[in-house]
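What follows is a short report on a single structure.
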Amino acid sequence: MNPLVVAISAAQATDAGRFGPKAANLAALGHAGLPTPGGFCVDAQAYRMQVAALGLETEARGAFSAGDRPQARRHALRMKLGLHDRPIIPELLEPLLEAWRAVTGGGAPGVVRSSALVEDRQGSSFAGQFESYLGLDNEADFLTAVRACWAALWSTRALRYMATHGLDPADTAMGLVVQPLVAARVSGGGLSRTADGEMLVNAAQGPGSAIAQGEIVPDRYVLDRDGVLKESALGRKYHALGCVHRKRSASRTLFGVPCLDRERVAELGLVLRKAEEVIGGPVEIEWALDDEGIKLLQARPLRVGPAQVPDDIWLNHPRLNGHPAGIGWGTGRACVVNCECELGRVAPGDVLVTTVAGPALGQVLSYVAGVVAELGGSTSHLASLARERGVPMVLGVLDATQRIPEGSMVAVDGVAGVVRWMSSEVSQWRIAQK
C-alpha cells in the first residue's frame with residue numbers, strides 16, 4: 001500500500017507527527033493489546049499534497065495573516081470550499097480507495113475520522129471541533145467524507161478555537177483515520193482519574209454521538225482504583241428536543257435499565273488503567289460495545305483539577321447535583337439560555353445555564369465563569385473543552401433552567417458536581433455587609 005496510508009497495526013502508525021495524535025494514540029493502544037476497530041491512518045502529508053495541487057497555499061497563509069478580518073474570512077472560506085468541493089488528486093485517490101475497500105470488503109459500513117496534528121494533545125484537545133463521518137456505505141460518500149474532514153480544519157468553529165490557542169491553521173495539517181463501523185449496542189466514555197482518585201464511566205444505548213454532543217444524560221458509574229463499582233446512576237434523555245423559538249416541547253424520560261452490568265464496568269476499569277499506562281498519564285477514552293466486546297475508539301490526555309472547599313456562605317443556599325466536568329470552582333450571575341440562538345446574551349463573568357451541552361457552546365468558554373446544563377455528562381466534548389480551559393461545569397442537572405433564577409448569583413463546583421444559587425437581592429445584601 002502507498003506509504004501515505006498505513007494500517008493502524010503498523011509500527012509507524014504511532015508517529016503523531018505524521019498521522020496526528022488521535023491516530024497515533026489509537027495505534028499505541030492497539031499495540032499494547034487493547035481492543036480497537038483496526039483500520040488505516042492517512043498521513044497528514046496527503047492533505048498538504050491536496051492543498052498544493054489545488055493551488056490553495058496562498059489562501060491558507062492569507063486566512064491568518066490578513067489584517068482585514070473580512071478578507072481573512074474570505075481566504076478561509078475559499079480554503080474550506082476548495083478542499084470540500086474539488087476532486088481528490090489521482091496520486092491520493094487510489095491509495096485512499098484501497099484502504100476503504102480493505103476496511104469494507106464485505107460490504108460493511110465504514111468510518112472516516114479527523115486526526116489533525118494539533119488535536120488530542122495536552123492543552124489542545126479540539127474535542128468536537130473537527131468532523132467524523134459514520135455509517136458510510138459507498139465509495140462516493142467515503143471520498144466526500146475525506147474531503148469534508150480536510151475542509152473541517154478551516155471551519156469557523158475550528159478557526160475560533162485555534163485563534164484562542166495561538167495556532168495558525170496554515171502551519172498544521174489534517175490526518176485521517178479510516179475504520180470499519182462498530183455496530184455499537186452500547187457506547188460511552190471514561191475518565192481514568194477524577195479529583196477524588198476514582199475512575200468514571202459514562203454509557204448510553206447505541207452509538208456514542210449523543211453522549212459526545214451533550215444531547216442526553218448518560219448512565220454514570222464510579223469505580224475505585226481497583227475497578228470495584230462504588231456507585232451508579234441511570235441517565236436521562238429528552239424527546240422532541242429543539243429550539244424553543246420553534247415551539248417544540250421537550251419531555252424527559254429515565255432510561256429503563258442500566259446499560260452495563262458490573263462485569264462490563266469492571267472490564268472498562270481495566271481498560272482505563274491500561275490506557276493510562278500507554279498514554280503516560282490520566283486519560284479520557286471513548287469506547288463502543290458490539291457483539292464481540294468492547295472496542296476503544298479514542299484516547300486523549302486528561303486534565304485533573306483539585307477538589308475545592310466551598311465558602312460557608314454558600315452552604316445554606318439551594319443546591320442541585322449533576323455530573324462534574326472535573327475541574328474548577330466559579331461564581332457569577334446566572335444567564336439562563338434556552339437555545340443557542342440566545343448565546344449573544346451571555347456576558348463575560350456570567351454563569352451560563354442551559355439545556356444542551358453541545359460543542360457549539362465552546363465559543364463562550366473563554367469568558368464565562370461557569371456552565372450548568374440539563375443534559376450532557378462528564379465525558380462529553382464540551383466537558384473536555386471545559387477541563388482544558390479550567391472552566392467549572394456541571395452537566396446533567398435536572399430542571400436547571402427552571403430552578404435557577406435569571407440574574408441570581410450562582411456557584412458552580414466543577415469537581416463535586418454541585419450548583420448553588422442565591423437570589424440577586426440576597427447577593428446584593430451580602431456584598432453590602434462586607
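Please treat every number below as a calculation from the coordinates, not as lab data. Just so you know, these numbers come straight off a predicted model, no measurement behind them. Cβ coordinates were reconstructed from backbone atoms using ideal geometry, including for glycine residues, and neighbour counts include every protein chain displayed.
For G349, which sequence-distant residues (separation of 5 or more, or a different chain) have an amide H within less than 5 Å of its own amide H, given hydrogens modelled in the peptide plane?
Sorted by chain and number, the residues that satisfy this are V368, A369.
Which value in deg cm²/dmol, rounded to the nearest 500, describes the helix-derived mean residue ellipticity at 222 nm for the chain, given -39,500 (n - 2.57) per DSSP H run of n ≥ 4 and division by the residue count?
My calculation for the chain gives -9500 deg cm²/dmol from helical runs alone.
Among L26, L270, L385, which one shows the highest mean-square fluctuation when the chain is modelled as a Gaussian network with alpha-carbon springs under 10 Å?
L270
If the elastic network links every pair of Cα atoms under 10 Å, which of Q45, Q213, Q298 fluctuates the most in the Gaussian network model of the chain?
Evaluated over the chain, the most mobile residue of the options is Q45.
Run the numbers on the stretch 331-395 and let me know its relative contact order in percent, using alpha-carbon pairs under 8 Å that are six or more apart.
30 percent
Where does the charge balance sit around H75 when Lys and Arg score +1, Asp and Glu -1, over other residues with C-beta under 9 Å from its C-beta?
+3
Explain nothing, just the number: dipole magnitude of the stretch 133-173 about its Cα centre with +1 on each Lys and Arg Cβ and -1 on each Asp and Glu Cβ, in debye rounded to the nearest 20.
It works out to roughly 240 debye.
About its Cα centre, how strong a charge dipole does the chain have in debye, to the nearest 20, once Lys and Arg get +1 and Asp and Glu get -1 at the Cβ?
Once rounded to the nearest 20, the dipole reads 1060 debye.
If I build a Gaussian network model for the chain, linking alpha-carbon pairs within less than 10 angstrom, which residue out of G39, G20, G197 has the largest mean-square fluctuation?
Among G39, G20, G197, the largest GNM mean-square fluctuation belongs to G197.
Tell me the trypsin sites (Lys or Arg not before Pro) within the stretch 105-212 that lie in a loop according to DSSP and have at most 14 other beta-carbon atoms within 10 Å.
Hits after loop and neighbour filter: R185.
HN-Hα J couplings of the stretch 350-363 from phi, Karplus 6.51/-1.76/1.60, θ = phi - 60°, integer Hz, Gly and Pro as x?
6, 9, 6, 10, 8, 9, 9, 9, x, x, 4, 6, x, 5
Considering only DSSP beta bridges whose two residues both sit in the chain, what percent are antiparallel, to the nearest 5?
90 percent
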